[in-house]
Amino acid sequence: MKCACVRECVCISLIAYEMAASSLDAEAAAAGQQDKAGSGSYTTAATAHQIDTDSWQQVGVLLVVGFNCAYVLSFSNLMMAPLGWGWGIACLLFIGAASWYANWLLAGLHVIDGQRFIRYRDLMGFVFGRKMYYITWFLQFITLILGNMGFILLGGRALKAIHAEFSSSHSPARLQWFIAATGFVYFAFAYFVPTISAMRNWLATSAALTVAYDVALIVILIKDGKSNKQKDYNVHGTQAEKVFGAFGAIAAILVCNTSGLLPEIQSTLRKPVVSNMRRALLLQYTAGAAVYYGISVAGYWAYGAAVSEYLPDQLSGPSWATVLINATAFLQSIVSQHLFTVPIHEALDTQMQRLDEGMFSRYNLGRRMLARGLVFGANAFVTALFPFMGDFVNLFGSFVLFPLTFMFPSMVVLKIKGKDEAGRWNRIWHWGIIVASSVLSVVTTAAAVRLIVHNASVYHFFADM
């Protein structure tokens, strides 16, 4: 099973690598586009998507609703249960603050030497050369693919839970059917709402859905927590299981707080792009974090170490409340998942579409259907084949988000400032970040791989979980 999934990811990665090679040349050739809006001017790479159009409030709300997505329904189990109260709260606060700082730092690197970097890979390629361009693109690609698989799986589980509430049969339809339906709905949304900026018309709806399922969830969690007198907050397992579980939880906390796609999100902002992005980040790490951390802590408080991998499965509320939470979480995830998949769509659209025509020209509509179908068809198939929720979160949090969030921004700062300008203590600070995040990346990746190996030995192809 594991080999099949690895082959699938390797094949997709090879396609992405070839696309990245041609993309780098195309972007370099088109880098003469001048952006004169606002104060100052800079060069930007060619893109099929909109840039320099959105307010910081719009992007801030997009980040808040994006990170308060259906993944929140799994974070009590993934983040708190393996750590317990003391280490759990400490890690939530520390990793949240560290992620805020790292993204704040990266936002300040959006314009260098008069060039605006609308893609993370462009920034790394400009500073370190072609090899780092490919490495960054590969890591981002893995982030997007695994993250989207997690969204598809969560959406499928939500639909299956709704179906189970209305089904008279004790054997509801298999999870794979709901995964396929989720993949199709995501495909349709990505087709008709092709860019991040185009999501502005859906933000109010997404925010309302977020509030609906968060409030309903909190009310039932408080009710269950008060009635549950047998809560166990101990971390169970052998010493090795506890250690690996703790590092897996650290990776999940990082996933909860960052995406590794900040330059792509920042590209949509109007000038001044640095201060506007930092305002949007402030909204995410205050209002947004208060909600997704609150849900995670409340779920652990209500059920303790026995908290479910998918909270709605454990709720004792009435059927209508369970249906409401699952339905609103599914609908909200349609918008949220798009934010974290758009960079792949942008790369494909820039390569496959005619940039001198509108996004909805007949030619570009046909090319976009092909591109979106490839992405969601492959993702839905692998998700149905390998439906292990914790694996998606822990693996892309450990393997790719530690470098993208912590290592790379510090590397860029050290490179562009040089020894003299950076100063001794500044160099020590950034080298400390690079070394610490490298170690954590290795250890948490080992924990995630261990989880995958365990699940591969327990479950089978197309497991109905």
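Results, tabulated for the structure shown:
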{"item": "Of Thr341, Ala280, Val297, farthest towards positive along the dipole that unit charges on Lys, Arg, Asp, Glu beta carbons give the range 264-356", "result": "Ala280"}
{"item": "Coarse-grained scattering of the range 286-334 at q = 0.14, 0.19, 0.23, 0.26 Å⁻¹, given as base-10 log I(q)/I(0) from a Debye sum over alpha-carbon atoms", "result": "-0.41, -0.74, -1.00, -1.11"}
{"item": "Å² of accessible area per residue within the range 39-99, as computed with a 1.4 Å probe and no ligands counted", "result": "31"}
{"item": "Whole-number Å³ per residue for the convex hull built on Cα positions in the range 69-203", "result": "183"}
{"item": "Relative contact order (%) - criterion: Cα under 8 Å, at least six apart; region: the range 115-175", "result": "19"}
{"item": "Ile112 long-range amide H proximity, modeled H, under 5 Å", "result": "Phe117"}
{"item": "Efficiency of FRET from Cβ geometry, Arg424 and Ile89, R₀ 51 Å, rounded to 0.05", "result": "0.90"}
{"item": "With all protein chains modelled, accessible area of Ile162 [1.4 Å, Å²]", "result": "30"}
{"item": "log10 of Debye I(q)/I(0), alpha-carbon scatterers only, for the range 39-111 at 0.19, 0.23 Å⁻¹", "result": "-1.03, -1.23"}
{"item": "Convex hull per residue volume in Å³, alpha carbons only, for the range 294-368", "result": "139"}
{"item": "Lys, Arg +1 and Asp, Glu -1 on Cβ, resulting dipole of the range 68-216 about Cα centre, debye, nearest 20", "result": "360"}
{"item": "Residues with amide H under 5 Å from that of Thr43, placed H, sequence gap 5 or more", "result": "Gln115, Arg116"}
{"item": "Isotropic mean projected area of the C-alpha convex hull, the range 126-218 (nm²)", "result": "9.3"}
{"item": "Stokes-Einstein D in µm²/s, Kirkwood radius over Cα pairs - the range 169-324 at 4 °C with 1.567 mPa s viscosity", "result": "68"}
{"item": "Ranked by how many other beta carbons lie within 10 Å on average, peptides 89-101, 327-339, 62-74, 218-230 from highest", "result": "62-74, 327-339, 89-101, 218-230"}
{"item": "For the range 260-393, radius of gyration divided by Kirkwood radius, i.e. Rg to Rh on alpha-carbons", "result": "1.04"}
{"item": "Overall form of the range 168-257 per C-alpha gyration tensor (a/c, 1.5; a/b vs b/c)", "result": "prolate"}
{"item": "Residue-wise HN-Hα coupling along the range 50-55, computed from phi with Karplus coefficients 6.51, -1.76, 1.60 (Hz; x: Gly, Pro)", "result": "6, 9, 6, 10, 9, 7"}
{"item": "Karplus-derived HN-Hα couplings along the range 177-187 (A = 6.51, B = -1.76, C = 1.60, θ = phi - 60°), whole Hz, x at Gly and Pro", "result": "5, 6, 5, 4, 5, 5, x, 5, 5, 4, 4"}
{"item": "From phi via Karplus (6.51, -1.76, 1.60), per-residue ³J(HN,Hα) for the range 222-229 in Hz, x at Gly/Pro", "result": "5, 4, 5, x, 5, 7, 8, 9"}
{"item": "Hull-based mean projected area of the range 92-169, where the convex hull spans the alpha carbons, in square nanometres", "result": "8.1"}
{"item": "Cα gyration tensor of the range 212-296 - equivalent ellipsoid semi-axes, whole Å, descending", "result": "34, 21, 8"}
{"item": "Charge tally in the Cβ shell below 12 Å around Met124, where Lys, Arg are +1 and Asp, Glu are -1, Met124 excluded", "result": "+4"}
{"item": "Amide proton proximity set for Asp54, modelled H, under 5 Å, gap of 5+", "result": "Leu269, Arg270"}
{"item": "Cα centroid separation, the range 219-240 to the range 145-169 (Å)", "result": "24"}
{"item": "Net length gained if the chain between His236 and Val274 were fully extended (0.36 nm per residue, minus Cα distance)", "result": "9.2 nm"}
{"item": "Trypsin sites (Lys or Arg not before Pro) lying in DSSP loop within the range 309-372, provided at most 13 other Cβ fall within 10 Å", "result": "Arg354"}
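The values are calculated or read from the model by the stated rules, or taken from the named source; none is laboratory data. These figures come from a predicted structure and were not determined experimentally. Note: ideal-geometry Cβ built from the backbone for every residue, glycine included; neighbour counts use all protein chains shown. To get the accessible areas, we keep the full protein, side chains included, count just its heavy atoms, and leave off ligands, DNA and RNA. Shrake-Rupley method; radii C 1.70, N 1.55, O 1.52, S 1.80 Å.
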